[in-house]
Amino acid sequence: MDTISHVSLSLARAMQVNLETTAANLGNVSTPGYKAEHPSFESLIHKGDSPGGQSSVSFVSLRGGYVDERSGGIVTTGNPTDLAITGDAWFGYRTPEGQIALGRDGRLVVNQDGALVTASGASVLTADGEPVAIPPELVQDLKVGQDGTLAGPDGQVFGRVGLFQLDEADGLRKIEGGLYLPGGPAEAALAPAPFGTIVQGAIEQSNVEPVREMTRMMEVNSAYDRANRIINDRNDLQKSFIERIGRFG
């Protein structure tokens with residue numbers, strides 16, 4: 001395969017990844033606490049080494065991706081167990097599979113065991129990394145402070161919802177519900193966040209901007225089509241060239 005085809009294939013693959021990521025963002029416009037993701041690309045340069053040969057060629061290479069950590073809008077629900085975070089902090093969860101995860105989904109309920117959980121059954125963690133437990137009789141009169149402290153109607157504090165940092169440098173794996181599994185040890189994932197506050201009786205909306213994502217999808221789709229068209233045109237030229245050689249041979 002020649003250089004033009006290799007360059008076009010690298011571009012087409014990059015645009016495919018971009019399309020898949022943008023589609024995932026658009027599919028989670030209504031997912032509370034969801035954070036948009038974007039791929040990151042870099043130029044991979046191949047230098048020509050033959051005298052009088054081709055000059056350096058730049059290919060597109062996927063470097064990874066990043067999470068858009070900007071806060072989404074806050075919507076008041078009035079539900080005492082709904083919690084939203086403002087600022088640079090994340091909830092900690094223990095998934096039903098026993099994994100430690102981080103996220104911003106604050107649509108919470110108290111299950112039959114008195115644990116504060118998400119709709120998918122993930123337990124919200126305290127600052128010490130233990131599941132948050134709320135006595136059933138305190139649910140309706142629950143008071144949650146901006147720092148996550150939990151108190152009953154008499155003001156007696158009995159726990160605290162943890163606020164943690166999200167360290168993308170450790171590597172993250174996204175799972176269902178907009179949660180992230182850290183790549184490092186679970187203990188390191190639960191590093192306290194120096195900033196961030198909790199708003200009780202509210203949930204954070206997705207920070208995906210539909211118009212911007214739709215515009216990006218159209219631009220990426222156009223670039224993807226151009227890359228494929230170059231590949232097809234190159235293949236047609238090669239086919240035509242081979243056929244002519246065959247006729248005159």
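I want to confirm something. Restricting to segment 132-141 and keeping residues that are surrounded by fewer than 19 Cβ atoms within 10 Å (Cβ to Cβ) and of a type outside the set (D, E, K, R), which single residue is farthest from Y93 (Cα to Cα)?
Among them, the one singled out is Q140.
Quick test of your reading of the structure: D68 fulfils all but one of (1) more than 24 Å from A122 (Cβ to Cβ); (2) at pLDDT 75 or above. Name the failing condition by number.
(1)
How many residues does segment 119-142 contain that are out of contact with any Pro (no Cβ under 7 Å at 6 or more places or on another chain) and touching a residue at least 60 places away in the same chain (Cβ under 8 Å)?
1
Within segment 157-177, how many residues turn out to be at pLDDT below 90 and in a loop (DSSP other than H, G, I, E, B)?
Matching residues across segment 157-177 total 4.
For segment 111-130, which positions are β-branched (V, I, T) and either over 14 Å from F91 (Cα atoms) or assigned to a loop (DSSP other than H, G, I, E, B) (or both)?
Hit for segment 111-130 is T118, nothing else.
When you go through G98, G72, G78 one by one, which is the residue that is more than 15 Å from A133 (Cα to Cα), part of a loop (DSSP other than H, G, I, E, B) and without any contact (Cβ under 8 Å) to a residue 12 or more places away in the chain?
G98
Out of segment 76-96, which residues are surrounded by fewer than 18 Cβ atoms within 10 Å (Cβ to Cβ) and within 30 Å of N18 (Cα to Cα)?
Result: T86, G87, D88.
The values are calculated or read from the model by the stated rules, or taken from the named source; none is laboratory data. Predicted model, so just to flag it, every value in this text is computed and none were measured. Glycine gets a Cβ as well: all are built from the backbone with ideal geometry, and neighbour counts include every protein chain shown.
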